[in-house]
Amino acid sequence: MSVGRLLVFAVVVLFPSAASALEVSAVRGVLDSHPVVASVRKYRGKVVIKDQCKADNYAMFVNYGPNPYLIICPKSAQSLALIERALHHEAVHMAQWCWGTASLYSSKDLRANAMKKGLTYKHADLALKSLGHQPGSDQYESEWEAYYFEDAPPKSIVSLLDENCKDATQKDLDQY
């Protein structure tokens with residue numbers, strides 16, 4: 001019997017649960033046509049929408065062996081906007097997993113790029129502060145990057161997946 005490796009990244013609810021939980025069927029309907037979901041599926045990922053998660057998480061990335069899963073638990077979230085942010089966050093973790101690294105970019109480079117373009121990254125700093133990861137650690141870099149891209153447009157997340165999860169082309173292989 002072989003034992004698979006399990007890697008889990010989760011978005012944790014940092015506030016009390018909503019009085020009006022999102023309906024699973026409504027979320028499923030929205031996500032089925034979402035470009036990030038289509039891209040996750042394109043690269044053999046699965047998006048699982050559960051009625052209820054065991055913890056207060058409303059989204060997580062899990063890989064068990066060769067299979068990536070994005071698990072969405074809408075009843076733990078307060079809005080569709082939070083679900084989309086979580087979808088982006090977890091899709092970044094999938095891109096990291098595809099590439100086989102804790103992060104695709106360094107938080108230092110992403111900060112510099114944000115300042116150059118006049119974008120904000122304070123939400124990533126605040127989220128990491130509450131999680132308590134040590135700056136510079138793989139866990140810190142991985143989560144900082146995922147929080148940084150939460151508000152990115154869907155096409156940016158699709159591009160991350162395209163760049164990091166695609167199969168090698170013959171041209172790629174001819175380099176070796």
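The values are calculated or read from the model by the stated rules, or taken from the named source; none is laboratory data. Fair warning: this is a prediction, and the values are worked out from it, not measured in the lab. When we count neighbours, we look across all protein chains shown, and the Cβ atoms used for this are built from the backbone with ideal geometry, even at glycine. What goes into the accessible areas is simple: the full protein's heavy atoms, side chains included, and nothing from ligands, DNA or RNA. Shrake-Rupley method; radii C 1.70, N 1.55, O 1.52, S 1.80 Å.
Residues in the range 107-122 that are open to solvent by 40 Å² or more (accessible area, probe 1.4 Å) and assigned to a loop (DSSP other than H, G, I, E, B): GLY118, LEU119, THR120.
Under the condition of being in contact (Cβ under 8 Å) with a residue 12 or more places away in the chain and open to solvent by 70 Å² or more (accessible area, probe 1.4 Å), which residue from the range 154-176 is farthest from THR101 (Cα to Cα)? Working first, answer last.
Step one: filter the range 154-176 for residues in contact (Cβ under 8 Å) with a residue 12 or more places away in the chain, giving 154-155, 157-158, 160-166.
Next, from what is left, pick out any that are open to solvent by 70 Å² or more (accessible area, probe 1.4 Å): 155, 163, 166.
Values: LYS155: 22, GLU163: 14, LYS166: 15 Å.
This residue is LYS155.
Looking across the range 43-56 at every residue that is more than 20 Å from VAL158 (Cα to Cα) and charged (D, E, K, R), the one that is most open to solvent (accessible area, probe 1.4 Å) is identified as LYS54. Scan the range 8-20 and give yes if some residue there is modelled with pLDDT of 90 or more, under 27 Å from SER137 (Cβ atoms) and either outside any helix (DSSP H, G or I) or within 17 Å of the chain's Cα centre (by Cα) (or both), otherwise no. Among the residues of the range 8-20, not one is modelled with pLDDT of 90 or more, under 27 Å from SER137 (Cβ atoms) and either outside any helix (DSSP H, G or I) or within 17 Å of the chain's Cα centre (by Cα) (or both), which makes the answer no. Scan the range 21-56 for residues that are in a loop (DSSP other than H, G, I, E, B) and modelled with pLDDT of 90 or more and the total you get is 5.
Being surrounded by fewer than 20 Cβ atoms within 10 Å (Cβ to Cβ), at pLDDT below 90 and farther than 18 Å from PHE61 by Cα narrows it down to one residue among ASP151, ASP125; which is it?
Numbers: ASP151 fails: farther than 18 Å from PHE61 by Cα.
Going through ASP151, ASP125 in turn, just one is surrounded by fewer than 20 Cβ atoms within 10 Å (Cβ to Cβ), at pLDDT below 90 and farther than 18 Å from PHE61 by Cα: ASP125.
With the structure loaded, tell me whether GLN134 is open to solvent by 30 Å² or more (accessible area, probe 1.4 Å), within 15 Å of the chain's Cα centre (by Cα) and farther than 25 Å from VAL37 by Cβ or whether it fails that test. For GLN134, the condition - open to solvent by 30 Å² or more (accessible area, probe 1.4 Å), within 15 Å of the chain's Cα centre (by Cα) and farther than 25 Å from VAL37 by Cβ - is not met. Residues in the range 124-176 that are among the β-branched types (Val, Ile, Thr) and touching a Cys at 6+ places or on another chain (Cβ under 6 Å): none. Of the residues LYS116, LYS166, the single one that is at pLDDT below 90 and out of contact with any Ser or Thr (no Cβ under 9 Å at 6 or more places or on another chain) is LYS116.
Answer yes if at least one residue in the range 121-141 is of a type outside the set (A, V, I, L, M, F, W, C) and in contact (Cβ under 8 Å) with a residue 60 or more places away in the chain, and no otherwise. Talk me through it step by step, then tell me what you get.
Quick first cut of the range 121-141, residues of a type outside the set (A, V, I, L, M, F, W, C) only: 121-123, 125, 129-130, 132-141.
Applying the additional criterion that residues be in contact (Cβ under 8 Å) with a residue 60 or more places away in the chain yields 130.
Yes, some residue in the range 121-141 is of a type outside the set (A, V, I, L, M, F, W, C) and in contact (Cβ under 8 Å) with a residue 60 or more places away in the chain.
Among the residues making up the range 57-105, those that are open to solvent by less than 40 Å² (accessible area, probe 1.4 Å), farther than 20 Å from PRO154 by Cβ and part of a loop (DSSP other than H, G, I, E, B) are GLY65, CYS73, ALA102, SER103. Is there a residue being free of Cβ contacts under 8 Å to residues at least 24 places away in the same chain, out of contact with any strand residue (DSSP E or B) (no Cβ under 8 Å at 6 or more places or on another chain) and on the phi > 0 side of the Ramachandran plot anywhere in the range 60-80? No, that holds for no residue.
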